[in-house]
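Reading through the structure tokens given below for one structure.
Just so it is clear, none of the values below were taken in a lab; they were calculated from the coordinates. Owing to the predicted nature of the structure, the values given are computational and were not obtained by experimental measurement. Cβ coordinates were reconstructed from backbone atoms using ideal geometry, including for glycine residues, and neighbour counts include every protein chain displayed.
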Amino acid sequence: MSAPDGLTLLRHALARCGDGTPMTDCQAMGTGSGHRLIRVETEQRLYCFKWNPNPPAGMFLAEAEGLRALAETHSVRIPQVYAADQEEYGLGWILMEWIETSRWGEMNWEGLGESLAQMHTWGAGGYGFSGDNYLGAALQRNAWNRDWVQFFAEQRLGFQRDWAAQNGCLPPERARRLDWLIAHLGDFLEGVPRQPALLHGDLWGGNVLAGRAGEAVLIDPAVYFGDREAEIAFTKLFGGFSARFYQAYQSAQPLDPGFHERADLYNLYHLLNHLNLFGEGYGGAVDAILRRYAGLVGTKR
């Protein structure tokens, strides 16, 4: 028996969420990261159907769980999830609310800053999440830990280091500096007052949509409970958000002194992930951060 095609999966997904009304429009919206995206309209509502013929195990179920966790905070707008599954043939899919968008320049950045600050008040008893999930196409480990420095050293930098070694992305000098930094991470991160905060986990411009009224809508999360500084740091890595966003966030929930000195440490996780996914084009940025914090191996500066 052959695997079902996308249209068959779509009909199955609509049935799963109880929409048996006829489809009035169905448009393929392109592909990305191996995913296929379909905009579908029924007599009941508009949907976004995303599927992949061979996704990593549990990817769409993890995405659905993350989106629902963010939605439970009633802060930032999140697409409603109607259903998600991983089929017996390995096919994965998620059926969500379709977001009608406006121009990015019409984004309500102040509203995003305020609502993200509100979301970051949603806490937990430790750092991690209920299960592993995905940062883009990469596995993200989320085993619970009450110690943030240990969590970030092991589940974030340590995991990426081990993967980079397997990928041949760690020449000796880079490996020595990264090992040194992981071992001395507490020297840079300890002593900062923090509480676990619910994070989107992959918050950059590509994962923020401007809704029809200009409201920010967050998509494609890599959710976990972590230090909110890690979230804000990543928003600055690839071009940054509007200054209005940072002003609104800072007014609602000020960042602790020294944040800018710690930001590169948090962004090292994402740069290592890009190094592992996309190659040596990110090696220079990784090395620059390692040199900044570690200096010569064995000499802290």
Helix 109-119 vs. the chain, principal-axis angle (Cα, 0 to 90°, nearest 10): 80
Cα centre as origin, Lys/Arg/Asp/Glu Cβ charges: the range 6-97 dipole, Debye: 160
Size of the range 6-97 as Cα extents on the principal axes (Å, biggest first): 33, 29, 23
D (Stokes-Einstein, µm²/s), Kirkwood Cα radius, the range 59-120, 0.890 mPa s at 25 °C: 184
Nearest 10 degrees, 0 to 90: helix 6-16 Cα axis against the chain principal axis: 80
Solvent-free Debye scattering, log10 I(q)/I(0), computed from the Cα coordinates of the range 104-294 at q = 0.15, 0.16 Å⁻¹: -0.91, -1.03
Taking N as its residue count, the alpha carbon Rg of the range 220-277 over 2.2 N^0.38 Å: 1.17
Helix 283-294 vs. the chain, principal-axis angle (Cα, 0 to 90°, nearest 10): 40
Computed [θ] at 222 nm, helices only, for the chain once each DSSP H run of length n ≥ 4 contributes -39500 (n - 2.57): -11500 deg cm²/dmol
Relative contact order computed over the chain (Cα-Cα under 8 Å; 6+ residues apart), in percent: 18
Cleavage-rule hits (chymotrypsin sites (Phe, Trp or Tyr not before Pro)) in the range 220-301: DSSP loop, at most 14 neighbouring Cβ within 10 angstrom: 238
